[in-house]
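*Asks:* Could you have a look at this structure, given as structure tokens, before my questions?
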Amino acid sequence: MSTLATVLEQLDQAADRLGVEPQIHQHLRHPKRSLIVSVPIQTDAGELEVFTGYRVQHSMTLGPSKGGIRYHPDVDLDEVTALAMLMTWKCALMGLPYGGAKGGVRCDPSKLSFRELERLTRRYASEIYLCIGPDRDIPAPDMGTNEQVMAWVMDTYSMQRGTTVPGVVTNKPVLLGGSLGRVEATGRGVAYVTAEGMAHLGLLLSGARVVVQGFGNVGSVAARLLHEMGCRVVAVSDVGGGSYNPEGLDLEALQAHLRSGQPVRQYPEGDAITNEELLQLPCEILVPAALGGQLTAGNAGAVRARLIVEGANGPTTAEADRLLREGGVFILPDILANAGGVIVSYFEWVQDLQFFFWKEDEVNSRLRDILTAAFRRTLALASRERVDLRTAALMEAVDRVARATRLRGFYP
Ligand code: GLU
């Protein structure tokens, strides 16, 4: 089942429960705008290579659209559309004045040189130039992109405008108007909601076993902060596989191992495991923080975690979600669990618009306030409506967008 099919099914369920009228429901099923661009670049060898890029703006009902840019070989229109729709719900659930968007280029960034990556980014940014801007659509990083890519997007946009426009992207380098705390924000948010989820389940964080799939920007920060909160991180992985040590991994030593250019599975203080084995390890907390579609009907029955915290977007298929819930696993859904990134993106945008910058403590404590309040609202709705947390989160988000659509009406 594709991520798009999964998110459409989630929307249909939430809309049915809320009794959203068919016109608005149909409207929400379709993105507002989808742009497909070709991105021709000259390779370092002087050849021409043409990539395909996308920017899908699902909704602008609550404000300008917001969402990352992904560089990955699996990027296609369906995936970008699904991820754009998830951004609409994520921003609405957090009460941010944004709609949702996503972009991407179908490419393998690890096969491109630094200069090729710059040319690809600048050409892609020029191609989507007309539909982005601080009051239109504000990109940020996602899988395969980072602060440097955002700096190039900001520069390309600014060169066209003839003036520097920091608010066109978020998660830029701090020197260029980025926010303190933004790089860590998604992983930090994952750690905050994990603490809330564990307290709700009546489980102690101290000594709780944590398994993290994906050791990138989200997974590595979540692992470190959960370790600081007293958890025992027993396994982590990257694309090539993972490392398992039931006594707990030494995360600093693992980071040093990775800095030396070696993959996680070759970390000598743990047993090498596959990503599939990792999902089935005994633990209290499982954090899928890699690609979508990792927990499926095929492996959900073997999951032995008490709590799943979705650091990734769309890591659980609809069938797996059902099976996991039937098996008594509590799931903190993506639009709640990984919203820390877009919350601090919002703070960054506000700082850029005001040219007035905050201290990191302020960023982190405001992040915690917004996330914790959203977690508690969602939990209250879930118990009132007797539904799981994902359904409750979607209901709250879809209701907000549907009400705004009703107030604005249909143009013309
Ligand atoms: N790509 C991140 C996400 O999926 C961040 C989006 C943003 O900050 O705009 O939430």
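*Asks:* Of the residues 126, 59, 34, which single one is more than 25 Å from residue 217 (Cα to Cα), in contact with a Ser or Thr (Cβ under 9 Å, 6 or more places away or on another chain) and part of a strand (DSSP E or B)?
*Replies:* Residue meeting the stated conditions: 34.
*Asks:* Here are the criteria: (1) crowded, with 18+ Cβ neighbours inside 10 Å; (2) out of contact with any helix residue (DSSP H, G or I) (no Cβ under 8 Å at 6 or more places or on another chain); (3) free of Cβ contacts under 8 Å to residues at least 40 places away in the same chain; (4) β-branched (Val, Ile, Thr). Tell me which single one residue 234 does not satisfy.
*Replies:* Unmet for residue 234, out of (1) crowded, with 18+ Cβ neighbours inside 10 Å; (2) out of contact with any helix residue (DSSP H, G or I) (no Cβ under 8 Å at 6 or more places or on another chain); (3) free of Cβ contacts under 8 Å to residues at least 40 places away in the same chain; (4) β-branched (Val, Ile, Thr): (3).
*Asks:* Of the residues 78, 44, which is over 16 Å from the mean Cα position of the chain (by Cα), charged (D, E, K, R) and assigned to a loop (DSSP other than H, G, I, E, B)?
*Replies:* 44
*Asks:* Same structure again: Name the helices (runs of 4 or more DSSP H) wholly within region 299-412 that hold at least 3 residues that are within 16 Å of the ligand (Cβ to nearest atom)?
*Replies:* Those helices (runs of 4 or more DSSP H) span 334-337, 340-354, 360-385, 389-408.
*Asks:* With respect to residue 186, is the statement that it is over 25 Å from residue 239 (Cβ atoms) and either more than 20 Å from the chain's Cα centre (by Cα) or within 15 Å of the ligand (Cβ to nearest atom) (or both) true?
*Replies:* no
*Asks:* Say we look at region 87-117 and pick out the residues that are among the basic types (Lys, Arg) and within 11 Å of the ligand (Cβ to nearest atom); which of these is surrounded by the fewest Cβ atoms within 10 Å (Cβ to Cβ)?
*Replies:* Out of the qualifying residues, it is 90.
*Asks:* Taking only region 281-292 into account, find how many residues are farther than 22 Å from residue 227 by Cβ and in contact with a helix residue (DSSP H, G or I) (Cβ under 6 Å, 6 or more places away or on another chain).
*Replies:* 1
*Asks:* Working only within region 344-381, note down all residues that are acidic (Asp, Glu) and surrounded by fewer than 21 Cβ atoms within 10 Å (Cβ to Cβ).
*Replies:* 360, 361, 362, 369
*Asks:* If I go through region 185-229 residue by residue, how many of them are closer than 20 Å to residue 365 by Cα, out of contact with any Gly (no Cβ under 7 Å at 6 or more places or on another chain) and free of Cβ contacts under 8 Å to residues at least 40 places away in the same chain?
*Replies:* 7
*Asks:* Do any residues in region 87-113 that are closer than 11 Å to residue 60 by Cβ have Cβ atoms under 7 Å from those of residues that are aliphatic (A, V, I, L, M) and in a strand (DSSP E or B), where the two are at least six apart or on different chains, and which pairs are they?
*Replies:* 101/56
*Asks:* Separate question: Go through (1) within 16 Å of the ligand (Cβ to nearest atom); (2) free of Cβ contacts under 8 Å to residues at least 12 places away in the same chain for residue 162 and report which single condition fails.
*Replies:* Of the numbered conditions (1) within 16 Å of the ligand (Cβ to nearest atom); (2) free of Cβ contacts under 8 Å to residues at least 12 places away in the same chain, the odd one out for residue 162 is (1).
*Asks:* Can I ask one more? Kindly indicate which of 341, 327 is crowded, with 24+ Cβ neighbours inside 10 Å and either of a type in the set (D, E, K, R) or modelled with pLDDT of 95 or more (or both).
*Replies:* 341
*Asks:* If the Cβ limit is 8 Å and pairs must be 6+ apart or interchain, which residue in region 47-69 that is free of Cβ contacts under 8 Å to residues at least 24 places away in the same chain pairs with which residue that is among the hydroxyl-bearing types (Ser, Thr, Tyr) and away from the ligand (no atom under 14 Å from the Cβ)?
*Replies:* 49/43; 50/38
*Asks:* Sticking with this structure for a sec: Of all residues in region 70-86, count the ones that are free of Cβ contacts under 8 Å to residues at least 60 places away in the same chain, crowded, with 24+ Cβ neighbours inside 10 Å and farther than 30 Å from residue 399 by Cβ.
*Replies:* 1
*Asks:* Right, something else. Taking region 129-168 as the search range and keeping residues that are assigned to a helix (DSSP H, G or I) and charged (D, E, K, R), which one is surrounded by the fewest Cβ atoms within 10 Å (Cβ to Cβ)?
*Replies:* Applying the filter and picking the extreme gives 161.
The values are calculated or read from the model by the stated rules, or taken from the named source; none is laboratory data. What you are looking at is a predicted structure, and each value in this text was computed from that prediction instead of being measured. All Cβ positions, glycine included, derive from the backbone under ideal geometry; neighbour counts span all protein chains shown.
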